[in-house]
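The structure under discussion appears below in the form of structure tokens.
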Amino acid sequence: MLNRTAVVSDIGFPLSAWVSGANVHDSQCAIPLEKLTGKKVKYFYSVMDSAYDAKWIHAYIRKCRRIPIIDPNRRRDKNRPPLDLAKQERYKIRTVVERSYSHLKGRLIPQSLFVKGNPKVSFVLMMGVIALAALKYLHCFPATSG
């Protein structure tokens, strides 16, 4: 089984994707994805869910001169303060990420894979990411007649 993690823009366009073994926690892919995405585009905010709430991820994002907006993980510390109001507002963009994952999982990647091996499974998953990118591109830049 493989795990997929992706970085999408605020309109849902996939910027980077990472496929790892199912035994790898999503947070372990955060810094490689940040590095990969940082080489491609300039951005100011890294918006992530509570699975990525780790001091070393916050520190790396700040080192890159970006602002981490990561939902506090209250399972580890019940006294964690919530995000401030400005960050809460910016965090709302996270729904775009969830919709992109839903679209990818529900429509673009088959429910069952009949191939074996990481390279083949990764290929199928990345084709789903490419299809998502094409759909988002067509949504933003529809063909005009005339």
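Any read-out appearing in this document is the output of simple, stated calculations on the displayed coordinates, not a laboratory observation. All of these numbers come straight from a predicted model, not from anything done at the bench. Positions of Cβ are generated from backbone atoms using ideal geometry, with glycine treated the same way; all protein chains shown enter the neighbour counts.
Laid out as a table, the results:
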{"read-out": "Candidate set from the range 115-133 (those that are among the small types (Gly, Ala, Ser) and more than 12 Å from His103 (Cβ to Cβ)); member that is surrounded by the fewest Cβ atoms within 10 Å (Cβ to Cβ)", "value": "Gly117"}
{"read-out": "Every residue from the range 100-115 that is of a type in the set (A, V, I, L, M, F, W, C), in contact with a helix residue (DSSP H, G or I) (Cβ under 8 Å, 6 or more places away or on another chain) and either more than 10 Å from Val129 (Cα to Cα) or in contact (Cβ under 8 Å) with a residue 40 or more places away in the chain (or both)", "value": "Leu104, Leu113, Val115"}
{"read-out": "Tyr52 vs. criteria touching a strand residue (DSSP E or B) at 6+ places or on another chain (Cβ under 8 Å), of a type in the set (Phe, Trp, Tyr) and touching a residue at least 24 places away in the same chain (Cβ under 8 Å)", "value": "yes"}
{"read-out": "Strands (runs of 3 or more DSSP E) within the range 1-68 that include 1 or more residues charged (D, E, K, R)", "value": "2-8"}
{"read-out": "Filter result (under 15 Å from Ala17 (Cβ atoms) and without any contact (Cβ under 8 Å) to a residue 12 or more places away in the chain) within the range 131-146", "value": "Ala134"}
{"read-out": "Conditions (1) touching a strand residue (DSSP E or B) at 6+ places or on another chain (Cβ under 9 Å); (2) exposed (fewer than 11 other Cβ atoms within 10 Å of the Cβ); (3) not small (Gly, Ala, Ser); number of the one not met by Arg62", "value": "(2)"}
{"read-out": "Pairs where the first residue, in the range 64-81, is within 11 Å of Ala51 (Cα to Cα) and without any contact (Cβ under 8 Å) to a residue 40 or more places away in the chain and the second is assigned to a loop (DSSP other than H, G, I, E, B) and of a type outside the set (Gly, Ala, Ser), C-beta under 6 Å, 6+ apart", "value": "Ile70/Asp53; Asp71/Asp49; Pro72/Asp53; Pro72/Arg80; Asn73/Asp53; Arg74/Arg80"}
